[in-house]
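Notes for the one structure printed next.
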Amino acid sequence: MTELKDSYVEDYYYDSPNDSYYINITSFVLNSNTFSCAAQPLYTSAVISLCVLHIAIFLLAVPGNLLVGLVIGSSHQSLTPSDVYLFHLTVADGLLALTLPFWAAATLHGWIFGDFLCKFLSLVTEASFYTSILFLVCISVDRYLVIVRSAKSRKDRRRACSWVACTFIWALGGRPLSPRPLQRRLHAPRRWSDEVR
């Protein structure tokens, strides 16, 4: 029994030069040419297709979201919780659509709008993306309550909860959820036209 205990202690205190407790003495050197996720310039056709797609989505999304917001906002009836969530989803999608021309120009010419706009638009993009997801979740939960628990879910209580939920979602989406958008840095603008020459 003591032999087993002594061998366990020896194994536990084994000094290895590559233990994380000690300094790593391996000779591994990172080669930046072999990174699998390194940014590669896009082909000319891909850049133009991506720009056209961004602009097409922008041209469809902005008027579409304005129309939906106008229809919901001009309703003379009191809004149902789903209408409230849908209106806020429209606002979030509209904000995301307003950033698309900037990303299209960045794809074509590199980022030319400065450091502040880079961080601000990254924050708006992420906030709009996450708030849109949360508003879709709210619509799904509301539909569940209406269909499955129609007798137990009172309309007035759901309406008050919907405004509280929207306020909470915008407050959560309005602050930086991750430091990534604020830590973005500008790099030298890389234009696709430079790659073609």
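Listing for the model above:
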| quantity | calculated |
| --- | --- |
| Cα lying deepest toward the dipole's positive end in region 43-188, options Leu172, Val148, Cys138, charges on Cβ | Val148 |
| Dipole magnitude of region 43-188 about its Cα centre (Cβ charges: Lys, Arg +1; Asp, Glu -1), debye to nearest 20 | 600 debye |
| Gained length - Ala105 relative to Val71, 0.36 nm times residue gap less alpha-carbon distance | 9.1 nm |
| Whole-Hz ³J(HN,Hα) from phi, Karplus 6.51 cos²θ - 1.76 cosθ + 1.60, for region 91-99, glycine and proline x | 5, 5, 5, x, 5, 5, 5, 5, 8 |
| Estimated FRET transfer efficiency (Arg149, Arg175; beta-carbon r; R0 35 Å; 0.05) | 0.60 |
| Per-selection Kirkwood Rh - region 82-134 (Cα, Å, 1 d.p.) | 11.8 Å |
| Whole-number D in µm² s⁻¹ for region 60-179, Kirkwood Cα-pair radius fed into Stokes-Einstein, 20 °C, 1.002 mPa s | 135 µm²/s |
| Trp163/Val62 FRET efficiency (R0 25 Å; Cβ-Cβ; nearest 0.05) | 0.45 |
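Here, each number is a calculation from the coordinates, and none is a lab measurement. On a predicted model such as this, the values are computed, not experimentally measured, just so you know. Cβ sites come from the backbone with ideal geometry, for glycine too, and all protein chains shown count toward neighbours.
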